[in-house]
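Just below is one structure, and these are the notes that go with it.
The values are calculated or read from the model by the stated rules, or taken from the named source; none is laboratory data. As the structure is a prediction and not an experimental result, all values here were calculated from the model. With ideal geometry, Cβ positions are generated from the backbone for all residues, glycine too; neighbour counts draw on all protein chains shown. In case anyone asks, the SASA skips ligands and DNA or RNA and just uses the protein heavy atoms, side chains included. Shrake-Rupley method; radii C 1.70, N 1.55, O 1.52, S 1.80 Å.
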Amino acid sequence: MRRLFISILFSFYDYFRYKINLLGGRNINKSLFNKLNANLKNNLIVTKKEFKKNLLIASFVHQAGYIYSDCLIANYLAEIKNLNIIGLMDENDEQTKEFFNCFNSKKNFFLTKQKIILKIKYIIVASKILRKYKDVDEFLKFKVNRINIGEAVYDHYIRNSNNPSTNHLSYKFLNYLAEALHVNDFSKKFFKKNKVNYMVMSEKQFIPSMIIFQNALKAKVKVISRMAGPKVIGVAMYQSLNEKHDLDRKLEKKLIQKFYSKNNLKYSNIGFNRIKRMLGGTIKHTDQQNINNKIKTLKNVKSEVNKFYKFLNLDPSKKTCFIFSHNLLDGVLAGKKIHVFKDYLSWLRETLTFINKLDNNINWIIKEHPSNFGFYKIKTTTKIEFDKIIGSNNKNIKFFPKNFSDSIIKEVADCVVSLAGTCGIEYTCFGIHSINSAGIYYSENGFTNDYRNKSEYFDFLKNLKKIIEKRLSKNQIYTARIHYYLSQILTKYNHPLLYNFDITRNLNEEKFFNIINKLIYKHSKKEDKFKKYFTNQLNNNNKHLINSSKL
């Protein structure tokens, strides 16, 4: 009852805070949208009549670059398939509405903020549901007609709190569950009432997006998702609710097999050259376009490696394993069909505790994630956890020092460990073993050591020397490199109507509008091959867009 009472009080506070924020909210610059609208009509958008089929753009990100990118993709899709564009957004989101209108949205729909009485009704329903679960582990399994509600609530809780792990079902869970149930009811009714054939949605995590995404798939809507960016982008297509846990970069096995059979040496070399440049520091990491993580190329590799071992006081004759931590607040359940650990912090704590009990015949080095998202509010960090569990005096377990470049890792590592990090495919391209969870975007392709439960995971760590001694085969390394080529090169396109804008909330919007208007004005449809590649993807019903110029 106490949890229910606090939850209702918080709902009143949240509702009135929302109303106050509306009064003091920032006004959008209509002149920027007027100029964009005129520019689009003159140089890009083909005016269309009404069609029988609809394309929904669903956006809840509230960031100009993200919205514009999705609208661009929707515009191509509408032209190719003869679709009406309609929009779905948060109530009072004037910025998103203006973007949709610039791209000829025929009708806009709004996910409204619940009124107090309705919110209390949902809280009471949520309270009855939550009483059935004793902790988070049990609650994660909660579904409503195949829609994963428990996972959405926990992901949302972690993203919006300063606590990256909990087993306590607090009043915040109750409020987020009430919100999730509301969104689920809204989504079910929306897709039943409105005929939607395609939906463009790139942000598919958290509430409401994760729930709307699942309901769209359940309603047999094809979901189109932008991959990567800001400038070099791909397109992934989802067609089944069975794909709800897949990351957009998860490749079809038939695509990997096709290119391995076609010319495995050629495509593995292209992939390897790309990953060498990235980990060597000559190009930015794919997932770190806006992370200040400078990587310097090693000039004297042998000398730097010796300095590295000496600085950390590690025995260079022993095998060395790097444990790559994650951003503890970022999408802990998304992109994972198998949930071995309920969150990144649980994985980190259990991993550190386990290796601390092993003998010292392996050098373990813990690497913090380069993203600083949430650092200003998070209760703990990888370094704090390391200091608590390992400490500074351990002979063979060290924290990666900031005075060394990341490029040294591939020269030192015999194995890399993560829950679902990109390191699992990146370092495998160099013949370095990876231990990672099954059910992630690159697992189960024969070149990684995939664990499906905690017992398998800790067995891998315990017997790491045996894993390292069994060297990766040429076929395994080639497959990893081809996978990298496919996911990072062949399925991406350097889009002429985009640029490398700031993907954070700090985006200078006036500068953003000025740049995209210039790009639209000088755009040449003949030179823009995106439409051709996107058309081929849609006509062939492929999971990913294929950039034929990269073959």
Leu333 fails exactly one of (1) modelled with pLDDT of 85 or more; (2) farther than 23 Å from Asn162 by Cα; (3) open to solvent by less than 20 Å² (accessible area, probe 1.4 Å); (4) not polar (S, T, N, Q), namely (2)
Considering segment 1-28, residues that are modelled with pLDDT of 75 or more and among the small types (Gly, Ala, Ser), and then whichever is nearest to Phe512 (Cα to Cα), we arrive at Ser11
message: Kindly evaluate Thr382 against the criterion of being open to solvent by 20 Å² or more (accessible area, probe 1.4 Å), touching a residue at least 40 places away in the same chain (Cβ under 8 Å), β-branched (Val, Ile, Thr) and within 24 Å of Arg159 (Cα to Cα).
response: no
Note: among His495, His483, just one is in contact (Cβ under 8 Å) with a residue 24 or more places away in the chain and either touching a strand residue (DSSP E or B) at 6+ places or on another chain (Cβ under 8 Å) or small (Gly, Ala, Ser) (or both), namely His495
Query raised in the report: Would segment 336-353 turn up any residue that is open to solvent by less than 20 Å² (accessible area, probe 1.4 Å), in a loop (DSSP other than H, G, I, E, B) and among the acidic types (Asp, Glu)?
Result: yes
Out of (1) open to solvent by 30 Å² or more (accessible area, probe 1.4 Å); (2) touching a Lys or Arg at 6+ places or on another chain (Cβ under 8 Å); (3) at pLDDT 95 or above; (4) not in a helix (DSSP H, G or I), the one Ile283 does not meet is (3)
All conditions in (1) surrounded by 18 or more Cβ atoms within 10 Å (Cβ to Cβ); (2) over 19 Å from Tyr442 (Cα atoms) are true of Asn356 except (1)
Residue count, segment 447-474, condition touching a residue at least 12 places away in the same chain (Cβ under 8 Å) and open to solvent by 50 Å² or more (accessible area, probe 1.4 Å), comes to 6
Of all strands (runs of 3 or more DSSP E) fully inside segment 148-267, the set with 3 or more residues that are in contact with a Lys or Arg (Cβ under 7 Å, 6 or more places away or on another chain), open to solvent by less than 40 Å² (accessible area, probe 1.4 Å) and closer than 30 Å to Ile283 by Cβ is 232-238
Of the residues in segment 47-85, those that are open to solvent by 20 Å² or more (accessible area, probe 1.4 Å) and more than 26 Å from the chain's Cα centre (by Cα) come to Thr47, Lys48, Lys49, Glu50, Phe51, Lys52, Lys53, Asn54, Glu79, Ile80, Lys81, Asn82
Within segment 63-108, of all residues that are touching a helix residue (DSSP H, G or I) at 6+ places or on another chain (Cβ under 8 Å) and of a type in the set (Asp, Glu), the one nearest to Val200 (Cα to Cα) is Glu79
All-but-one check, Ile477 against (1) of a type in the set (A, V, I, L, M); (2) closer than 26 Å to Asp330 by Cα; (3) open to solvent by 10 Å² or more (accessible area, probe 1.4 Å), failing number (2)
Inspect segment 146-166 for any residue being more than 19 Å from the chain's Cα centre (by Cα), polar (S, T, N, Q) and farther than 17 Å from Gly331 by Cα and give the result as yes or no.
no
If we ask which residues in segment 109-120 are under 14 Å from Val183 (Cα atoms) and either touching a helix residue (DSSP H, G or I) at 6+ places or on another chain (Cβ under 6 Å) or surrounded by 14 or more Cβ atoms within 10 Å (Cβ to Cβ) (or both), their number turns out to be 6
Residue pairs within 9 Å by beta carbon, gap of at least six or interchain, first lying in segment 226-240 and free of Cβ contacts under 8 Å to residues at least 40 places away in the same chain and of a type in the set (Ser, Thr, Tyr), second open to solvent by 20 Å² or more (accessible area, probe 1.4 Å) and in a strand (DSSP E or B), listed first then second, are Tyr238/Lys222
